[in-house]
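Okay, structure first, notes after.
The values are calculated or read from the model by the stated rules, or taken from the named source; none is laboratory data. Here the structure is a predicted model, which means the values were calculated and not measured. Backbone-built Cβ (ideal geometry, glycine too); neighbour counts: all protein chains shown. Side chains included, ligands, DNA and RNA excluded: accessible areas come from the protein's heavy atoms. Shrake-Rupley method; radii C 1.70, N 1.55, O 1.52, S 1.80 Å.
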Amino acid sequence: MEPEPLTFFTPDGDRVTWEVEAEPDHDPFERRLTLVVQGAKIVQRRVPRAEGRDRDHLYELLENEARMGARLLTRLRRAYPVELPRLMGYSLDEEEPFVLLSDHRGEPVTHFAGALLIAEQRALQASLFRAVRILSACDIVHRRIDPGTVRWDGTAVQLTDLSHATLAGSRRLRLGEAPYAAPEQRAGTGRASTADDLWSAGMVIYRTVTGRDVADRPDLTAAPALQPIHDVFSGQPPSALEVLDRLREPDPMRSIPAEQDLRLEEGRLAFDRAHEAKRETEVEQPPPPVTRIEQAPREQPRKWWARWLPLAVLACLFVVVWMVIR
């Protein structure tokens, strides 16, 4: 296909233009691009004009993807984990806004249901709980971990789609369906918590390892490889770090520098300011003037003597005239 220019903002806040070639579209909301100069591939997630016209919330989801991606970069840029997609850029003021992400790895885990070897089962668990642990360390709850957002390349997972992610401690909204969404999340009660993602990750692992579907809490007694996650479905689930410890995996945050990239932080703040300014320009229309309907003054009832006064006057005049002419 012919190269096309693609102009956008980098996470640092710089405006750049890349020459890209687009693969044939299979999904109206997502397409794969190849950088002409480097040959590297990236993913463009977007809101087509026709879709956005009927569903305004799609723009909010796309902006949320960019916001969460920028938040992850401020903490993880110096040692970005393979388990999470990396934000490459965004352009949110277009007729068809978009975000750019690192290329997908592997295939959706639905392709491997019931077909993983024991070693692969353990690697899948370790990698997915690494992703949950990293998100929790950045105070992010994914909220949409299911077979459609988890990919596997034989070595590590890639947890995609941050469009529904939120900050830990924010009010829960009703989101997702059984069995992958936690009961509290489906009910929309309490505050968003990493426990929500632990439930979802456990369900994805159970479905991928066993190949079986469940309507609610699964029975893990017949799956020895799943014993480290036996209590993620309980009322008091462990932390992601505790699950990793059971899997004999180190805390991934030990190898990720804690200091922030100041330039990137400035870019993230610039994004937030632009987002707020965009909202402020959508000035609310002033309320229509209130039309006051005033009733016409009601005529006061006349007193009894006022009604007969004219007749009394006429009678007096008649008497006077009669006496004069008599």
(message) The conditions are (1) under 13 Å from Ser102 (Cα atoms); (2) touching a residue at least 24 places away in the same chain (Cβ under 8 Å), and Arg46 fails exactly one of them. Which is it?
(response) (1)
(request) Pull up region 199-227, narrow it to residues that are surrounded by fewer than 22 Cβ atoms within 10 Å (Cβ to Cβ) and of a type in the set (S, T, N, Q), then point me to the one that is farthest from the chain's Cα centre (by Cα). (result) Thr221
(request) Looking at (1) under 15 Å from the mean Cα position of the chain (by Cα); (2) surrounded by 18 or more Cβ atoms within 10 Å (Cβ to Cβ), find the lone condition where Trp152 falls short. (result) (1)
(request) Filter region 203-226 down to residues that are assigned to a helix (DSSP H, G or I) and either of a type in the set (Phe, Trp, Tyr) or at pLDDT 90 or above (or both), then give me how many there are. (result) 9
(request) Could you tell me whether region 93-107 includes any residue that is in a loop (DSSP other than H, G, I, E, B), among the acidic types (Asp, Glu), touching a Gly at 6+ places or on another chain (Cβ under 9 Å) and surrounded by fewer than 17 Cβ atoms within 10 Å (Cβ to Cβ)? (result) yes
(request) Please list, ordered by first then second residue, the pairs with beta carbon atoms under 9 Å, 6 or more apart or interchain, first in region 87-110 and among the acidic types (Asp, Glu), second outside any loop (DSSP other than H, G, I, E, B) and open to solvent by 50 Å² or more (accessible area, probe 1.4 Å). (result) Asp93/Ala274; Asp93/Lys278; Glu95/Arg49; Glu96/Arg49; Asp103/Arg32; Asp103/Lys41
(request) Out of the residues in region 228-247 that are under 11 Å from Arg133 (Cβ atoms) and not aliphatic (A, V, I, L, M), state the one that is least open to solvent (accessible area, probe 1.4 Å). (result) Ser239
(message) Can you report the number of residues in region 176-198 which are crowded, with 24+ Cβ neighbours inside 10 Å, part of a helix (DSSP H, G or I) and without any contact (Cβ under 8 Å) to a residue 40 or more places away in the chain?
(response) 0
(request) Take Ala165 and decide whether it is open to solvent by less than 40 Å² (accessible area, probe 1.4 Å), under 16 Å from Leu84 (Cβ atoms), small (Gly, Ala, Ser) and over 19 Å from the mean Cα position of the chain (by Cα). (result) no
(message) Restricting to region 138-154, give me the number of residues that are assigned to a loop (DSSP other than H, G, I, E, B) and either under 23 Å from Glu120 (Cα atoms) or of a type in the set (Lys, Arg) (or both).
(response) 9
(request) Please indicate, with yes or no, whether at least one residue in region 46-58 is open to solvent by less than 40 Å² (accessible area, probe 1.4 Å) and part of a loop (DSSP other than H, G, I, E, B). (result) yes
